[in-house]
Amino acid sequence: MATGIFPSARMLEVPGIGTFQGRLLHSAQWDSHIDLRNKKVAVVGSGASAAQIVPEIAKVEGVEVTQFFRRASWLVPPVSSAISPKTQERFRKYPILLRLFRWTLYLYYEIIYFFVFGSDLLRSFTMKTSRSYVLKNAPSKYHDILIPDHPVGCLRTVFDVTYLKSLHLPNVNLVKQPVRRLLEGGLMTANGCYYDFDVIVSATGFDTARTASFFI
């Protein structure tokens with residue numbers, strides 16, 4: 001189990017948390033027994049957690065999922081992490097190949113870092129590449145709200161796997177508005193609009209000032 005280094009989930013912090021009569025969950029503290037069939041589900045957030053959970057919720061029978069966010073994240077194509085059984089066998093037989101593979105991954109991510117923080121020119125190229133990827137794969141009605149208004153690197157970049165594809169589904173909606181408060185039957189956004197929901201999922205990340213305890 002890969003639980004990461006941040007143990008403290010950061011729940012949505014808005015007035016009315018205690019008044020919502022439906023289910024309120026954090027993406028990192030999921031209730032595996034919850035039944036989302038034929039439910040209206042809100043997902044709050046736009047980071048990696050939201051990009052992973054929205055497509056999965058959208059698969060549930062009869063569900064309607066709406067994602068709310070304040071600012072978009074830069075999205076880039078996925079990096080394939082699948083290692084075939086044949087390749088795994090080669091790694092076991094020839095450990096040097098595994099070491100070379102690890103160095104290749106290391107260099108790959110160093111290059112990505114360089115393209116984000118190396119210079120304004122490279123950063124501009126990365127943003128242009130990401131923008132083209134989103135415009136090519138996202139529904140046109142969401143183009144304006146899916147392109148961030150901040151430079152790449154200010155927030156964590158999200159590797160898109162099935163997120164943009166899921167936005168084409170008829171039961172998935174995007175709303176670029178921050179949530180201002182929760183009410184008994186749903187939530188209200190900053191522009192005063194009210195939405196009914198049965199379940200609200202807080203995909204709002206973690207308390208990064210706290211890490212898991214460890215032995216010295």
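Of the complete DSSP H runs in the chain, those spanning 18 angstrom or more by Cα along the long axis with a mean Kyte-Doolittle score not below 0.0 are 95-117.
Taking chymotrypsin sites (Phe, Trp or Tyr not before Pro) as exposed when DSSP calls them loop (any state but H, G, I, E, B) and at most 12 other Cβ atoms lie within 10 Å, what is the longest stretch of the chain free of them, the sites themselves excluded? Longest site-free region, per DSSP loop and neighbour criteria: 31-213.
Only Cα pairs under 8 Å and 6+ residues apart enter the sum, and on that basis the relative contact order of the stretch 1-110 stands at 19 percent.
For the stretch 17-202, what is the relative contact order in percent, using Cα pairs closer than 8 Å and at least 6 residues apart in sequence? It comes to 40 percent, rounded to a whole number.
Kirkwood hydrodynamic radius, computed over distinct alpha-carbon pairs, for the chain: how many Å, to one decimal? Hydrodynamic radius (Kirkwood, Cα only) of the chain equals 19.4 Å. Projecting the Cα positions of Phe197, Pro85, Leu155 onto the charge dipole of the stretch 17-202 (unit charges on Cβ atoms of Lys, Arg, Asp and Glu, taken about the Cα centre) puts Pro85 furthest along the positive direction.
Over what distance in Å are the Cα centres of the stretch 20-76 and the stretch 103-118 separated? After rounding, the separation between the Cα centres reads 31 Å. Dipole size of the stretch 17-202 about its Cα centre, with +1 on Lys/Arg Cβ and -1 on Asp/Glu Cβ: approximately 640 debye, rounded to the nearest 20. Between Arg90 and Arg71, the modelled label-to-label distance comes to 4.3 nm, taking each label 7 Å out from Cα in the direction of the beta carbon. Charge tally for Tyr109 (other residues, Cβ to Cβ under 14 Å; Lys, Arg +1; Asp, Glu -1): +1. In this structure, the residue pairs whose Cα-Cα separation is over 25 Å, taken from Lys39/Lys136; Lys40/Lys165; Lys40/Lys136; Lys128/Lys165; Lys136/Lys176, are Lys39/Lys136; Lys40/Lys136. Residues with beta-carbon under 15 Å from that of Gln52, excluding Gln52: net charge, scoring Lys, Arg +1 and Asp, Glu -1? For residues surrounding Gln52, the net value is +1. Fewest neighbouring Cβ atoms within 10 Å first, the residues Ser81, Ser130 line up as Ser81, Ser130. What does the charge count near Pro178 come to, summing +1 for each Lys or Arg and -1 for each Asp or Glu among other residues with Cβ under 12 Å from its Cβ? Once positives and negatives cancel, what remains is +4.
Sorted from greatest to least, the principal axis extents spanned by the alpha carbons of the stretch 87-160 come out as 51, 29, 17 Å. DSSP loop trypsin sites (Lys or Arg not before Pro) in the stretch 128-159 with at most 16 other Cβ atoms within 10 Å of their Cβ, which ones? Those satisfying the criteria are Arg156. In the chain, the DSSP-assigned H stretches of four residues or longer account for a calculated mean residue ellipticity at 222 nm of -10000 deg cm²/dmol, using -39500 (n - 2.57) per stretch and the full residue count as denominator. Counted residue by residue at 0.36 nm each, then reduced by the alpha carbon distance between them, the extension gain from Val60 to Leu100 reaches 10.3 nm. Placing unit charges on each Cβ (+1 for Lys and Arg, -1 for Asp and Glu) gives the stretch 17-202 a dipole about its Cα centre, and among Ser119, Ile96, Asn171 the Cα reaching farthest toward its positive end belongs to Ile96. In loop segments of the stretch 17-49 as defined by DSSP, the trypsin sites (Lys or Arg not before Pro) with at most 16 further C-beta atoms inside 10 Å of their C-beta are Arg37.
Read-outs: derived from the displayed coordinates by stated rules, not from any lab. None of the values given here were measured: they were computed from a predicted structure. All Cβ positions, even for glycine, are placed from backbone atoms using ideal geometry, and neighbour counts span all protein chains on display.
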